[in-house]
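Note sheet for the following structure.
The values are calculated or read from the model by the stated rules, or taken from the named source; none is laboratory data. Because the structure is predicted, anything quoted here is derived from the model rather than measured. Glycine gets a Cβ as well: all are built from the backbone with ideal geometry, and neighbour counts include every protein chain shown. Ligands, DNA and RNA are excluded from the accessible area calculation, which covers all protein heavy atoms including side chains. Shrake-Rupley method; radii C 1.70, N 1.55, O 1.52, S 1.80 Å.
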Amino acid sequence: MRILILGGDGYLGWPTAMHFAMRGHEVTVFDNYLRRRITLQTDSEPLLPLPSLPERARRFELETGKHINVVIGDCCDHEYLLKAVQEASPEAIVHYAEQPSAPYSMANRNSARLTLENNLGATFNLIWAVLEAAPDCHIIKLGTMGEYGTPNIDIEEGWIDINHKGRSQKFLYPRQAGSLYHTTKVLDTDLLWFYVRIYGLQVTDLMQGPVYGQSTPEMDIHPDLLTAFNYDDIFGTVVNRFVTQAIAGVPLTVYGKGGQTRGYLNIMDTIQCIELAAASPPGRGQLRVLNQFTERFSVNQLAERVKLVGDRMGLSVQIQSVENPRKEAEEHYYNPVHSGLLDLGLKPHFLTDDVMAAMLERIHQHRDAIDIRKILPRVRWSS
Ligand code: USQ
């Protein structure tokens, strides 16, 4: 398959690119280093420095003999993106090219505006590049479980049948996000659904939960092939943060009461889900929505798990509730359906004690690189 990965330098984009290339697909990655620039500006650099994208692709080719084509460019530049789509002539495009941090999107007006313009602009340009140059191409878009928020009813997989005054109709499931970043994903979904309805695009929109981990068979080949691992308050997701905090001897930062429940998944399962989606496109004129996570945890449960495994390793992990910088329900109902990807063949890698121990051991090797000033929350959900 010819596959174009937008955001191919990111936490998920780079391992996805290597995975597809290893399996003999023709892979092009496209990225403008936005995430790298923001991490520098916000003092949120990842645990280990990253080689440039061409350097990583060269190292990958040296180690495996597999080629990844690299294009440095901005999805918000329509002409440039169109050219990349024309040249790659992809059968599938994976769209990760968004500003992915909820705290960054809430920091100030400029960061909010950048998030809105980048995320919507990238999706809009992608839609038009596909319409103009590859109308049969399957767009695989990374959405987020955060689009749904935490409603007091079961969360369906994308769609809900509404019965109203004796008549019924299927609609996109109601969405009410908790950050501007998550709201841009809601708007992306609406935009894609419009172009699917009217212009017959084919789209898979993956509602993904927070991802953890830094190990895949390809990343484990050579240290230069590792993906960005963030543990800071801006780009670090909660499991990666707690594991790093445990190693640094800093109390785990449970925000507020810690009853916030989300659906989580291992980075290996993100890649598996993308591969499963790519292998079975939904067909022209279809928007397929899949809820992408494998198991649910509250923040307190995650902290207890890290403590349990960390203490067994002799770490003496402390847990501390800090004032919640976000506006979110800290105790709530949460029951999302997630059968679509399992039906497509997903074989989950669960967060077992062994997986947790392996994550702790990996970070322990780099404990001297941890900067504990990046751990406490700096962004609050208020103006
Ligand atoms: N949390 C803590 N302590 C921390 C960090 C986070 O209690 O030190 C809590 C948060 O308040 C939240 C939960 O843990 O309730 C998850 O937070 P997160 O930072 O791991 O995830 P989030 O900001 O929601 O965003 C991440 C990714 C985003 C993706 C999303 C999936 O950064 O790109 O879309 O996970 S989801 O959360 O399902 O919307």
| Just for the range 172-221: of the residues that are acidic (Asp, Glu) and within 16 Å of the ligand (Cβ to nearest atom), which one is farthest from the chain's Cα centre (by Cα)? | 188
| Within the range 289-307, can one find any residue that is more than 28 Å from residue 45 (Cα to Cα) and open to solvent by 30 Å² or more (accessible area, probe 1.4 Å)? | yes
| task | Could you check, for the range 227-239, whether at least one of its residues is farther than 22 Å from residue 319 by Cβ, touching a helix residue (DSSP H, G or I) at 6+ places or on another chain (Cβ under 9 Å), open to solvent by less than 10 Å² (accessible area, probe 1.4 Å) and charged (D, E, K, R)? | result | no
| Being aromatic (Phe, Trp, Tyr), surrounded by 21 or more Cβ atoms within 10 Å (Cβ to Cβ) and in contact (Cβ under 8 Å) with a residue 60 or more places away in the chain, is that true of even one residue in the range 118-132? | no
| query | Any chance the range 153-168 includes a residue that's surrounded by 24 or more Cβ atoms within 10 Å (Cβ to Cβ) and within 20 Å of residue 38 (Cβ to Cβ)? | reply | no
| query | Name the residues in the range 268-292 that are assigned to a loop (DSSP other than H, G, I, E, B) and either out of contact with any Gly (no Cβ under 6 Å at 6 or more places or on another chain) or of a type in the set (Val, Ile, Thr) (or both), would you? | reply | 280, 281, 282, 283
| Hits in the range 341-373 - residues which are farther than 24 Å from residue 298 by Cβ and within 16 Å of the ligand (Cβ to nearest atom) | 370, 371, 372, 373
| request: Quickly run through the range 169-182 and pick out the residues that are part of a strand (DSSP E or B) and either out of contact with any helix residue (DSSP H, G or I) (no Cβ under 7 Å at 6 or more places or on another chain) or open to solvent by 100 Å² or more (accessible area, probe 1.4 Å) (or both). | output: 169, 170, 171
| said: Take the conditions within 16 Å of the chain's Cα centre (by Cα), open to solvent by less than 20 Å² (accessible area, probe 1.4 Å), of a type in the set (A, V, I, L, M, F, W, C) and more than 10 Å from the ligand (Cβ to nearest atom) and apply them to residue 140. Does it pass? | reply: yes
| task | Residues being part of a strand (DSSP E or B) and more than 10 Å from the ligand (Cβ to nearest atom): count how many of those fall in the range 231-267. | result | 1
| query | Here are 104, 80, 96, 148: which of them is of a type in the set (Ser, Thr, Tyr) and away from the ligand (no atom under 14 Å from the Cβ)? | reply | 80
| Of the residues 162, 198, 153, which is of a type in the set (A, V, I, L, M, F, W, C) and either within 22 Å of residue 269 (Cβ to Cβ) or in a loop (DSSP other than H, G, I, E, B) (or both)? | 153
| task | Restrict the check to the range 311-327 and report whether at least one residue is part of a helix (DSSP H, G or I) and near the ligand (Cβ under 9 Å from one of its atoms). | result | no
| Selected residue [of a type outside the set (Gly, Ala, Ser), over 22 Å from the mean Cα position of the chain (by Cα) and open to solvent by 10 Å² or more (accessible area, probe 1.4 Å)] from 80, 104, 96 | 80
| Cross-chain or 6+ apart pairs with Cβ under 6 Å, the range 200-211 first and in contact (Cβ under 8 Å) with a residue 24 or more places away in the chain and under 30 Å from residue 260 (Cα atoms), then assigned to a loop (DSSP other than H, G, I, E, B) and within 16 Å of the ligand (Cβ to nearest atom) | 209/293; 210/237
| Residue match in the range 176-194 (condition: in contact with a Phe, Trp or Tyr (Cβ under 9 Å, 6 or more places away or on another chain), free of Cβ contacts under 8 Å to residues at least 40 places away in the same chain and not aliphatic (A, V, I, L, M)) | yes
